[in-house]
Amino acid sequence: MSELHKFIFEGLPVRGMLVRLTDSWREVLRRREAANDVFPAPVRVLMGEMAAAGALMQANIKFNGALVLQMFGDGPVKLAVAEVQPDLAFRVTAKVVGAVAPDARLEAMLNIHGQGRCAITLDPKDKLPGQQPYQGVVPLHGDRREPLQQLSDVLEHYMLQSEQLDTKLILAANDDVAAGLLIQRLPVEGAGNLAGRSSRNEDEIGLNEAYNRIAILAASLTREELLTLNADTVLHRLFWEEPLQRFEPLIGATGPHFACSCSRDRVGRMLRSLGRDEIDGIVVEQGRVEIACDFCGTKYNFDAVDVGELFTKALNQPPGSTATH
C-alpha cells in the first residue's frame, strides 16, 4: 500500500519525508498498458519519480489546491506532467514524440538543445476573482550551464532558487515502486536567530552543520535500497544515530493514491467548445468521436446520437450511449 512518512530531527532545523508509491503507481502503468499506450522504460522511470516528487512537495507545503510538476522538453519527450491534489491524489502522463534510448537520461529525453524547462504550478481551489496560479520555472541546467541528468538535481536547484532552502532529494522508480526521500533545512526565524537578530534564509545556505551532516547521510541511500527496503528499514539505516521523531504515516485514503479527474461530462464540454461542424465531420468520417484521457487511458466514445445530445439545448431529451471503452 502506498505510504508517506513525515519526520523531524529533534532540536535541529531539519525535517524530512519518505514516500513509497506501490499499488497506486502500478495502477497508473496498468491503465496505460490496457490502453495500448506503454511508455519507454526511461519515460516510465521519469514519470514515477515525478509522481513521488510531487507527493513529497504537496505534503511539504500543505497547499489547498493542485500542485502541478511539468517538464517541457526539446527532445523526444515533449512534455511530462504530474499533478497532486491536497488529499495526495495524483495522476501523471507524458507526451513522447520520438525514439527514447533504453539508457536515456534527462538531457537525452528533454534537453538536447538546452531548451528544456521544469515548471511547478500551484493552482488554488479557492481562487479570488482574477487570481492567477503561482508558477516557478527553472532550466534543466545548473549554475555553470551544465546539463542536469537527474530530476532530483533539477528540483533541488528549484528549491534553492525559489525558497532559499537547502534540500536533498533522492528519487527512484521502476515498474513496481516509485519512491522518494526529501530532507530539508528549516528556516531560522525570530528568536531562533543568534542574538535575536533577523536574518534571511539564504544566510544559512550551505552552512548549517546539522543539515549538511543529515544530507550526507541521505545521499548515501542507493536507488536499489530506496526501491526495495521498507520505510522503517531505510530510516533506521540512515539516521539511527540522529534524534529522529516520526509522525503517524499517511496511508490508504489519507495517503498518496492514484485518481483521475477526467469524466464524460468534461469531455463533452470540450467537444462542444470545438463546435458542431467539426464534431459532425469526425462522426461522418469515423462513425464516432473517441477521446482517450492522457492521464488514465479511459476512452470516451460519442456516436451521432451522443453528439446530437451535446448540441441540443432541450432538457427532456432521451439519453444516449454511455460507453467508455
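Against the longest alpha carbon principal axis of the chain, how many degrees, from 0 to 90 and to the nearest 10, is the axis of helix 209-219 turned?
Roughly 50 degrees, rounded to the nearest 10.
Between Thr254 and Asn36, what is the label-point separation in nm under the 7 Å Cα-to-beta-carbon projection?
Roughly 4.4 nm, to one decimal.
Please work out the Cα center distance from region 116-163 to region 19-55, rounded to the nearest Å.
Each part reduced to its Cα centre gives a spacing of 21 Å.
Which value at 222 nm does the chain reach when only helices count, each DSSP H run of 4 or more adding -39,500 (n - 2.57), with the total divided by all residues and rounded to the nearest 500 deg cm²/dmol? Don't jump to the answer; show the numbers that get you there.
Working: 10 runs with 106 residues, N = 325.
Only helices count here, giving -10000 deg cm²/dmol.
Going down the table (Lys95/Lys299; Lys127/Lys168; Lys125/Lys299; Lys6/Lys299; Lys62/Lys299; Lys6/Lys95), which pairs top 29 Å between alpha carbons?
On the way: Lys95/Lys299 17 Å; Lys127/Lys168 32 Å; Lys125/Lys299 27 Å; Lys6/Lys299 37 Å; Lys62/Lys299 33 Å; Lys6/Lys95 32 Å.
Cα-Cα > 29 Å for Lys127/Lys168; Lys6/Lys299; Lys62/Lys299; Lys6/Lys95; rest within.
How far, in degrees from 0 to 90, does helix 23-34 lean away from the longest principal axis of the Cα atoms of the chain, to the nearest 10?
In the chain, helix 23-34 runs at an angle near 30 degrees to the longest axis.
List the cysteines of the chain that have no other Cys Cβ closer than 4.7 Å: which are they?
Cysteines lacking a close Cβ partner in the chain: Cys118.
Once Rh is set to the Kirkwood radius over Cα pairs, what Stokes-Einstein translational diffusion coefficient, in µm²/s, holds for region 106-173 at a temperature of 4 °C and a viscosity of 1.567 mPa s? If you can, show how the numbers build up before the last one.
Details: Rh = 13.4 Å.
It diffuses with D of about 97 µm²/s by this estimate.
Under a point-charge model restricted to the Cβ atoms of Lys and Arg (+1) and Asp and Glu (-1), what is the dipole moment magnitude of the chain relative to its Cα centre, in debye to the nearest 20? Working shown, then result.
Working: 34 positive and 43 negative charges, 90 e Å.
Around 440 debye, computed over the chain.
Towards the positive end of the charge dipole of region 79-197, with charges on Cβ (+1 Lys, Arg; -1 Asp, Glu), say which of Ala108, Pro147, Val96 has the farthest Cα.
Farthest towards the positive pole: Pro147.
Can you divide the C-alpha Rg of region 219-314 by 2.2 N^0.38 Å and report the result to two decimal places?
On the way: Rg = 24.5 Å, N = 96, 2.2 N^0.38 = 12.5 Å.
This ratio for region 219-314 stands at 1.96.
What angle do you read, to the nearest 10 degrees and between 0 and 90, between the alpha-carbon axis of helix 276-286 and the longest principal axis of the chain?
It is inclined by approximately 80 degrees.
Mind listing the Cα extents of the chain along all three principal axes, in Å, largest one first?
Principal-axis extents of the chain (Cα, largest first): 74, 46, 39 Å.
³J(HN,Hα) across region 158-170 via Karplus (A = 6.51, B = -1.76, C = 1.60, θ = phi - 60°), whole Hz, x for Gly/Pro?
Computed from phi, the couplings for region 158-170 are 4, 5, 5, 6, 8, 10, 6, 10, 5, 9, 10, 10, 10 Hz.
Sorted by packing (mean other beta-carbon atoms within 10 Å per residue), highest first, where do 48-59, 10-21 land? Please list the in-between numbers first.
On the way: 48-59: 27.7, 10-21: 21.3.
Highest to lowest by the protection proxy: 48-59, 10-21.
Each value in this text was obtained by applying a stated rule to the coordinates, not by laboratory testing. Small disclaimer: the values here were computed from a predicted structure and weren't measured. Here Cβ is always computed from backbone atoms with ideal geometry, including for glycine, and neighbour counts include all displayed protein chains.
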